[in-house]
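The values are calculated or read from the model by the stated rules, or taken from the named source; none is laboratory data. Quantities reported herein were computed from a predicted structural model and do not represent experimental measurements. Don't worry about glycine lacking a Cβ; one is built from the backbone with ideal geometry, like all the others, and counts go over all protein chains shown.
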Amino acid sequence: MNENPETASTPDTKSNLDTKSAPDTANTPDTANTPDTARTAGLSSWQCAILFSENERVSMTHGGGGKLSQRLVDEIFFPAMENSILHRKLDAALLDCPNGTIAMTTDSYVVTPRFFPGGNIAKLSVYGTINDLAVSGATPIAISAAWILEEGLLLSELKQLAEEMGAAAREVGVAVVTGDTKVVDRGRGDGCYITTTGIGIVPPGRNIGLNRICAGDAILMSGTIGDHGMAIMAARGGLPISTAIVSDCAPLHELIASLVRAGIRIHAMRDPTRGGISSALNELANAVRLGFVIEESCVPIAPLVRSACEMLGIDPWTVANEGKFLLFVPMAESERALKVLQNHPLGQSAAIVGRVVQDHPGIVVGKTPYGTQRVVVMPTGDSLPRIC
Amino acid sequence: MKHLQEYRDGDIADSIARSIHESTTRSWSIMEVCGGQTHSIMRYGIDQLIPKSIQLIHGPGCPVCVTPIETIDRAHAIAQQPKVILCTYGDMLRVPGSRGSLSGLKTQGCDVRTIYSPLQACQIARDNPNRSVVLFAIGFETTAPANAMAIKIAKTEKLKNFSVLVSHVLVPPAIEMIASDPTCRVDAFLAAGHVCAVTGYEAYHRLAETYRIPIVVTGFEPVDLLEGIRLAVLQLEKGQAFVENAYQRTVAAEGNPTAQGVLKEVFQVTDREWRGIGTILSSGYTLSEAFRDFDAEVRFPLEWKPVECTNCRAGDVLRGLLKPNQCAEFGKGCTPDSPLGAPMVSHEGACAAYYQFSQLSPKMNASR
């Protein structure tokens, strides 16, 4: 995994490709945004002059650690992720940290299709990790990206994905400071998998965590549920319906920062991704050994998502979200928190959906519009459509 | 969807519930036949809106619950054959056979695919001419017409690599089996609305008269279910027993003649085993002579011995003779994570529904 900068212009016999090191462009910052060609001395220069062609695909050689590996770095990843820390090309990125507690998270992304309405795997891999940091109360500092590519992936698509990742990172103001690439044989992957790891800083004095959830807290949902999961399901083409549902894939750090700036006493947050809010609420209720009561009619669901779920016999509460979070605050602050959320573009459809109670510890109860109640169960696995 | 909201309206539901309370003077047991109705009852807490003296009994109308273990094992065995793609509806995946569930087979490398429409199975067959595509055709009269269409298409297109494992069951014979049982505790039936949308409800008049039991064709939304219960209670309180249609926006007395035509062409009626209940005469479909070539049981003549868990009393639960929590295995050897019988599998299964509610504290049960 470790490489020295000087290996950049000589064939590397190692079986893996490590994008952490790359041709030294630190002294030639003016070329940073373009593939470095003329400046690279020696026999390799004429090769690098040829940008990959439109139909070129990832081959095992791209993972061989040699010149082709370097081209991936030079022509695809570096221009897309451009930042000064990456360009120091150290084995490990060195980051200056302000005071506070370090938060660290990691997540792998294997979504198919790689491009879907509202996002793509690369964007998702940045936002997802940023969101895990943000709901932990951390301010994101940097992320790493490890790409596993299947032999045969079009380089043009890889370039597009790398650019999407770079753009998403710039959008959230966080650099991709280190990375890695591996190529696996055709048939042994699914085009492209991405693992991102993120670190952030929880400033001194910020106290957000599950241990702060207590009876009497209000539970807020930052927006509509089920958009991402239903968009993916529709995009997979396995559905006998076509929909205009768009994934909610979005970074939440700004929305959460607005709550902090407003001085809201945040007790805890959770982004309900896989398994939807049913899973997230059950996990939390079980962890804190308190009961949750959710007013079902208050949970925001977009009409299109509701219709698609209805047609397919899928419970929207169990469907994944990628740009939403559950928020626990003292009841007295709930209205104010709601206003702050609703004033942000990503929180417009936010709602107060429930409360934390001493009763029925570990159990999530849904209150129906009829004044009845049901147990909201932890989904067993994938949402399976019912036939009856 | 906007149209649907009327049938979920809280005020309308409330006024029907009040009317039921006013009409009820005695204890009644009403069986909702269809699993979809059970699902709505649990989902919306309909049982909490009606008088405590009315007991809702969850009927045998959950197709995955009544699919015999022998058929699931057969699907299992077929899916393990080389080059087979087994296509199934999603909620069948987790139902335990004697050798595990179909989802377990996926982990062993078998090609088991979830479909939303049987026509997808035809497409998979077209796309994979070198594979053998088997459609696991389960369900009541509701799913049967679509499965029949897929089989017709396969025949028209001469899709030689397409076959069906048929395990269709029919509702009226099951209602008759329950009604005719001397130990029957059911005072009235809520007939399955969507089944009647296909078959109509002419066949129910004889049952209502013979067994002196009210049958109300009922839908699936809260307002539909409450209206079905209300009409059933009114008949019971007046000592009447006839067929009524509380789901007129969907169901016509004669049903859907086009769907019936396709069913008649592709299938013929046969005796069927119902899981936990036993064989019911003339209670299912098998392929008709003209379509026998597409029968997966003929294409894959496999033999094995299924083993049913003897402690599971799902059959008694499905017939309304036993409450799930009265079963010795309930919550001990049998939980939603590791179900012994089908009613513990899906959330609307009677046993799973009871299990979820049993987790609530007694205090909360009292407060409702």
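Count of segment A:321-376 residues, restricted to those that are more than 25 Å from B:ASP11 (Cβ to Cβ), touching an Asp or Glu at 6+ places or on another chain (Cβ under 6 Å) and β-branched (Val, Ile, Thr), is 1. If you filter segment B:121-164 down to residues that are small (Gly, Ala, Ser) and within 14 Å of chain A (Cβ to nearest Cβ), you find that the one that is nearest to B:VAL84 (Cα to Cα) is B:ALA121. Screening B:HIS58 on (1) within 28 Å of B:LEU322 (Cβ to Cβ); (2) assigned to a loop (DSSP other than H, G, I, E, B) shows it passes everything except condition (2). State whether the residues of segment B:32-39 include one that is in a helix (DSSP H, G or I) and without any contact (Cβ under 8 Å) to a residue 60 or more places away in the chain. No: segment B:32-39 contains no residue that is in a helix (DSSP H, G or I) and without any contact (Cβ under 8 Å) to a residue 60 or more places away in the chain.
When each of B:GLY284, B:GLY276, B:GLY255, B:GLY239 is tested for being modelled with pLDDT under 95 and of a type in the set (Gly, Ala, Ser), the lone residue that passes is B:GLY276. Can you find a residue that is in contact with an Asp or Glu (Cβ under 9 Å, 6 or more places away or on another chain), assigned to a strand (DSSP E or B) and at pLDDT 95 or above anywhere in segment A:159-174? No; the residues of segment A:159-174 include none that is in contact with an Asp or Glu (Cβ under 9 Å, 6 or more places away or on another chain), assigned to a strand (DSSP E or B) and at pLDDT 95 or above.
Only residues that are at pLDDT 85 or above, within 23 Å of the chain's Cα centre (by Cα) and hydrophobic (A, V, I, L, M, F, W, C) were counted in segment B:287-311, giving 2. Of the residues making up segment B:152-171, those that are out of contact with any Cys (no Cβ under 9 Å at 6 or more places or on another chain) and crowded, with 20+ Cβ neighbours inside 10 Å are B:SER163, B:VAL164, B:LEU165, B:VAL166, B:SER167, B:HIS168, B:VAL169, B:LEU170. With respect to A:THR195, is the statement that it is crowded, with 20+ Cβ neighbours inside 10 Å, out of contact with any helix residue (DSSP H, G or I) (no Cβ under 7 Å at 6 or more places or on another chain) and assigned by TED's automatic domain parsing to the domain that holds A:SER59 true? For A:THR195, the condition - crowded, with 20+ Cβ neighbours inside 10 Å, out of contact with any helix residue (DSSP H, G or I) (no Cβ under 7 Å at 6 or more places or on another chain) and assigned by TED's automatic domain parsing to the domain that holds A:SER59 - is not met.
With respect to the conditions (1) under 21 Å from B:GLY90 (Cβ atoms); (2) modelled with pLDDT of 75 or more, B:GLU348 lacks only one, and its number is (2).
Among the conditions (1) closer than 30 Å to A:PHE328 by Cβ; (2) touching a helix residue (DSSP H, G or I) at 6+ places or on another chain (Cβ under 6 Å); (3) part of a strand (DSSP E or B), the only one that A:VAL177 does not satisfy is (1).
In segment B:31-89, the residue that is farthest from the other protein chains (Cβ to nearest Cβ) out of those that are touching a Gly at 6+ places or on another chain (Cβ under 8 Å) and among the hydroxyl-bearing types (Ser, Thr, Tyr) is B:THR38. Would you confirm whether any residue within segment A:200-210 is closer than 30 Å to A:LEU326 by Cβ and within 14 Å of the chain's Cα centre (by Cα)? Checked against the condition, which is being closer than 30 Å to A:LEU326 by Cβ and within 14 Å of the chain's Cα centre (by Cα), segment A:200-210 yields no hits at all.
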